[in-house]
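To start, the structure under review is shown below, and the notes come after it.
The values are calculated or read from the model by the stated rules, or taken from the named source; none is laboratory data. Quick caveat: nothing in here was measured; it's all calculated off a predicted structure. Cβ: placed from backbone, ideal geometry, glycine included. Neighbour counts: every protein chain shown. Side chains included, ligands, DNA and RNA excluded: accessible areas come from the protein's heavy atoms. Shrake-Rupley method; radii C 1.70, N 1.55, O 1.52, S 1.80 Å.
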Amino acid sequence: MTINELLFLVFAFGLIAWFVGRARAASFISSETPIINSLPNYHGWFATLWAIVPPILFLIVWINISPALITNMVLANPDAASITADSFSRSAILSEARAVANGSSQALFQEGSEKLVPLYKAAQSYYDSIAFAATLLLIFAGGTYAYTRLKPDFRARTNVEKVVMFALLLASLIAVLTTVGIVASLVFEAYRFVTLVSPFEFLFGTNWNPRDTIVAGEDNGYGAIPLFWGTIFIGAIIAMIVAIPFGLMSAIFLTQYSTPMFRSWMKPILEILAGVPTVVYGYFAALTVAPAVRDFAVMIGFSNAASDNAMAAGVVMGIMIIPLVASMADDSIAAVPGAMRDGSLAMGATKSETIKHILLPAALPGVVGGILLAVSRAIGETMIVVMAAGYAANLTANPFASITTVTVQIVALLTGDQDFGSPHTLAAFALGLVLFIVTLLLNLVALHIVKKYREAYE
Amino acid sequence: MAEQNSQSDTSDDGTDAHKITARNVNVFYDDKQAIDDVSIDVDMENVTAFIGPSGCGKSTFLRTINRMNDTIPSARVEGEIKLDGKDIYDPSMDVVQLRARVGMVFQKPNPFPKSIYDNIAYGPNIHGLAANKAELDIIVERSLQRAGLWNEVKDRLSDSGTALSGGQQQRLCIARAIAVDPEVILMDEPCSALDPIATAKIEELIHELRGKYAIIIVTHNMQQAARVSQRTAFFHLGNLVEFGVTSDIFTNPQKTRTQDYITGRYG
Ligand SMILES: Nc1ncnc2c1ncn2[C@@H]1O[C@H](COP(=O)(O)OP(=O)(O)O)[C@@H](O)[C@H]1O
Ligand SMILES: [Mg+2]
């Protein structure tokens, strides 16, 4: 039996266990005991869980160990003793024989594999029957145990609750573990990169022109400073010059001036804007804004303005970030106690004086936190810059020049035919790690500031 | 209720005998009426106390006097309120100027999250009352002195106003109101968040400020009203039930509702 069939079996019995448990609980209800501790459904779930969880755990383990068990059994056979000792062709022979044995492949190419096929078949059916027997045994053992525990005063509800909690915990751990895994793989690949290219060149070099082959002691063109600069210039400078004033002003308008009616319309619209796929912004940047910016730049005398200029990407990115800044600023301003505002208004201050002298300074930490989050979002943003920013690693502060960013170069390094161990690919991981660390730090600082600020008014 | 307003020497033409004259004031929150046809006179030399059970409209009425109800979108004010004979709800009245003339102290001390100095300097700065730093220093010192806070804070004017104790914060708020040289000071339960010692200091301060400013104090504490005020207005369910000399109100109330409240039959 295959794993799928076994799983099907498990769930079928789980269903049966549910009905049996429920019926058993229902049978407790009589005129003498009209109320039992838990509803019959909970008894059903309790029985089901005991019937299915142990065999499922067993099957998970089994999937992982059974191939090794089967191979060992095959190799223990005298017929298998004759195959070559060269580990590479040996494992090729074994895997081919296994593929034929379980029917996922027909043809045999490797010398000596055909005599292993019957061995594999035998081993497989032997272990299949063991798995089948073990699964059935676990289903019935669990089910019977659960059945014996069902009593009128049995707290099936709390027991099921515990399982639910455990399942939720497991689900939340998956996200955490995935993050850990991602970081680990980034670190690992980045480490491989710095064994090839000097980290000093990578972090402080100004020449970005990655070579395919690394020559130790030479400049290999892996100086990432132009990329870091481009990222900061587009994401943290140009984008923020757009996003901060517009975001702040819309937050001020929404919290202080707009009618509740307008606010209830405007907030969802801002949220929709925040949900527009970035590729759409990318199109907007590349097709509409970039040519307009170039024409404008040429008009005011920058004859060398590039069509993939930093300005277009940065401005559109800033527009993309406006809702984020606006909503963070809106929250912070709204969190300033109304008593501050009333105190200022009662002094005879106008609304805008109150905003400027009282509300904004009081909301500043929250606003700054929001801006840092926005910066971290902007420097990690990929689609807009890939579509609108350039690929040339220029170290310039001219917003009309073509400037590249970390994310653009990661994409460039990974596209095309790349060997996984090549310096290009590894450089992409190293860039990714730098980006990850910077955004992580920004987020941590931002959240810390925002939290401190919240506490100040609680 | 005009007969209740006749305790002081009103000249018949109504000119500047009273600092504030309110006539037939109604206040609504949307459709709900919170103040019902209130008429009252407040003068310079007396401290006026507003008493009455919670929710009877004391704060609402107080806020009509510096038009802070304007900041509540659902609030609507009808009737006539005159400050020095000029209708404060007249379109020609500048609300910003009005609030500089009618200062307010809130129930919970609400110093700005700025230094003590900047808290006081805020009003003079926005109204352009000081030509230079030296003048501003004088205003700050004088205001703090009047509020009885100078000796406690003179060495730490750059500390945050929010770092002071509750009672000091409330006196800071009074000093802040004084700094713009108002004519009227409205206090909405200024001691309800303070301990007895801090309360005593504020009451003492009110005594000292009497006569310099027309003072209206809302309080739910009748002993306090008796201690600090010379005129008392009793509000109930949005009505001004009785208004008169404080000692008369407490010893010889004319209305049974007033008597019931003062003797603690409800509250
Ligand atoms: N901002 C507001 N919006 C709607 N109703 C209000 C508002 N403020 C006060 N009220 C209502 O007006 C009435 C008077 O309130 P208030 O003036 O605060 O009374 P007091 O200060 O005497 O306790 C109460 O019924 C209260 O619920
Ligand atoms: Mg009140």
Are there any pairs, at least 6 apart or on different chains, whose C-beta atoms fall under 6 Å, with the first in the range B:217-245 and among the β-branched types (V, I, T) and the second in a loop (DSSP other than H, G, I, E, B) and more than 14 Å from ligand 2 (Cβ to nearest atom), and if so, which?
B:V241/B:K255
Any chance the range A:355-370 includes a residue that's away from chain B (no Cβ under 14 Å), under 29 Å from A:L440 (Cβ atoms) and open to solvent by 20 Å² or more (accessible area, probe 1.4 Å)?
yes
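Please pick out the residue among B:F61, B:F28 that is out of contact with any helix residue (DSSP H, G or I) (no Cβ under 8 Å at 6 or more places or on another chain), at pLDDT 95 or above, open to solvent by less than 20 Å² (accessible area, probe 1.4 Å) and near ligand 1 (Cβ under 10 Å from one of its atoms). Before you say what the answer is, go through the steps one by one.
On the way: B:F28 fails: open to solvent by less than 20 Å² (accessible area, probe 1.4 Å).
Going through B:F61, B:F28 in turn, the sole match is B:F61.
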Only listed residue being open to solvent by 70 Å² or more (accessible area, probe 1.4 Å) and without any contact (Cβ under 8 Å) to a residue 40 or more places away in the chain, chosen from A:L169, A:L196:
A:L169
A careful count of residues in the range A:113-143 that are touching a helix residue (DSSP H, G or I) at 6+ places or on another chain (Cβ under 6 Å), within 18 Å of A:T71 (Cα to Cα) and small (G, A, S) gives 3
Within the range B:199-247, how many residues turn out to be surrounded by fewer than 23 Cβ atoms within 10 Å (Cβ to Cβ), basic (K, R) and touching a strand residue (DSSP E or B) at 6+ places or on another chain (Cβ under 6 Å)?
1
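With the requirement that a residue be part of a helix (DSSP H, G or I) and surrounded by fewer than 16 Cβ atoms within 10 Å (Cβ to Cβ), what does the range A:23-40 give you? Steps first, answer last, please.
Taking the range A:23-40 first, the residues part of a helix (DSSP H, G or I) are A:23-28, A:40.
Selection gives A:A23, A:A26, A:S27.
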Among the listed residues A:T195, A:T206, A:T178, which satisfies the condition of being touching a helix residue (DSSP H, G or I) at 6+ places or on another chain (Cβ under 7 Å) and hydroxyl-bearing (S, T, Y)?
A:T206
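Evaluate the range B:15-24: report whether one residue or more is within 16 Å of ligand 1 (Cβ to nearest atom) and outside any loop (DSSP other than H, G, I, E, B).
Going through the range B:15-24, the residues within 16 Å of ligand 1 (Cβ to nearest atom) turn out to be B:22.
Narrowing the set further to residues that are outside any loop (DSSP other than H, G, I, E, B) leaves B:22.
The answer is yes, given that some residue of the range B:15-24 is within 16 Å of ligand 1 (Cβ to nearest atom) and outside any loop (DSSP other than H, G, I, E, B).
Would you confirm whether or not the range B:33-53 contains a residue that is within 16 Å of ligand 2 (Cβ to nearest atom), closer than 22 Å to B:H236 by Cβ and open to solvent by 30 Å² or more (accessible area, probe 1.4 Å)?
no
Among the residues of the range B:65-84 satisfying the criterion of being among the aliphatic types (A, V, I, L, M) and open to solvent by 20 Å² or more (accessible area, probe 1.4 Å), which is nearest to the other protein chains (Cβ to nearest Cβ)? Outline the logic, then answer.
Of the range B:65-84, the ones among the aliphatic types (A, V, I, L, M) are B:65, B:68, B:72, B:75, B:77, B:81, B:83.
When the remaining residues are screened for being open to solvent by 20 Å² or more (accessible area, probe 1.4 Å), the result is B:72, B:75, B:77.
Details: B:I72: 10, B:A75: 13, B:V77: 16 Å.
Filtering first and then ranking leaves B:I72.
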Given the criteria open to solvent by 40 Å² or more (accessible area, probe 1.4 Å), in contact with a strand residue (DSSP E or B) (Cβ under 6 Å, 6 or more places away or on another chain) and in contact (Cβ under 8 Å) with a residue 24 or more places away in the chain, does B:R156 qualify?
no
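So, in the range A:321-341, how many residues would count as being more than 14 Å from chain B (Cβ to nearest Cβ) and open to solvent by 10 Å² or more (accessible area, probe 1.4 Å)?
Here is the first cut: in the range A:321-341, the residues more than 14 Å from chain B (Cβ to nearest Cβ) are A:321-331, A:334.
Filter again for open to solvent by 10 Å² or more (accessible area, probe 1.4 Å), leaving A:322, A:324, A:327-328, A:331, A:334.
Within the range A:321-341, residues that are more than 14 Å from chain B (Cβ to nearest Cβ) and open to solvent by 10 Å² or more (accessible area, probe 1.4 Å) number 6.
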Of all helices (runs of 4 or more DSSP H) completely enclosed by the range A:216-302, which ones contain at least 2 residues that are basic (K, R) and farther than 27 Å from A:Q409 by Cα?
A:260-275
Taking the range B:85-104, which residues are open to solvent by 70 Å² or more (accessible area, probe 1.4 Å) and within 13 Å of chain A (Cβ to nearest Cβ)?
B:D94, B:Q97
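Any idea which residue in the range B:16-32 is nearest to ligand 2 (Cβ to nearest atom), counting only those that are away from chain A (no Cβ under 14 Å) and charged (D, E, K, R)? Working first, answer last.
Let us first name the residues in the range B:16-32 that are away from chain A (no Cβ under 14 Å), namely B:16-29, B:31-32.
With charged (D, E, K, R) added as a condition, the list becomes B:16, B:19, B:23, B:31-32.
Working: B:D16: 30, B:K19: 22, B:R23: 23, B:D31: 21, B:K32: 16 Å.
Ranking the qualifying residues of the range B:16-32, first place goes to B:K32.
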Among the residues that make up the range A:222-240, is at least one of them away from chain B (no Cβ under 14 Å), surrounded by fewer than 19 Cβ atoms within 10 Å (Cβ to Cβ) and not hydrophobic (A, V, I, L, M, F, W, C)?
no
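Based on this model, can you work out whether B:Q107 counts as among the polar types (S, T, N, Q), at pLDDT 95 or above, open to solvent by 70 Å² or more (accessible area, probe 1.4 Å) and not in a helix (DSSP H, G or I)? Please lay out each step first, then the result.
On the way: among the polar types (S, T, N, Q): yes; at pLDDT 95 or above: no; open to solvent by 70 Å² or more (accessible area, probe 1.4 Å): yes; not in a helix (DSSP H, G or I): yes.
Considered against the rule, which asks whether it is among the polar types (S, T, N, Q), at pLDDT 95 or above, open to solvent by 70 Å² or more (accessible area, probe 1.4 Å) and not in a helix (DSSP H, G or I), B:Q107 comes out as no.
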Yes/no for B:I116 being aliphatic (A, V, I, L, M) and either open to solvent by 20 Å² or more (accessible area, probe 1.4 Å) or within 16 Å of ligand 2 (Cβ to nearest atom) (or both)
no
Answer from A:S258, A:S264, A:S303, A:S344 - the residue that is out of contact with any Pro (no Cβ under 9 Å at 6 or more places or on another chain), within 14 Å of chain B (Cβ to nearest Cβ) and over 19 Å from A:A363 (Cα atoms):
A:S264
Of all strands (runs of 3 or more DSSP E) fully inside the range B:149-267, the set with 3 or more residues that are within 16 Å of ligand 2 (Cβ to nearest atom) is B:184-188, B:214-218, B:231-236
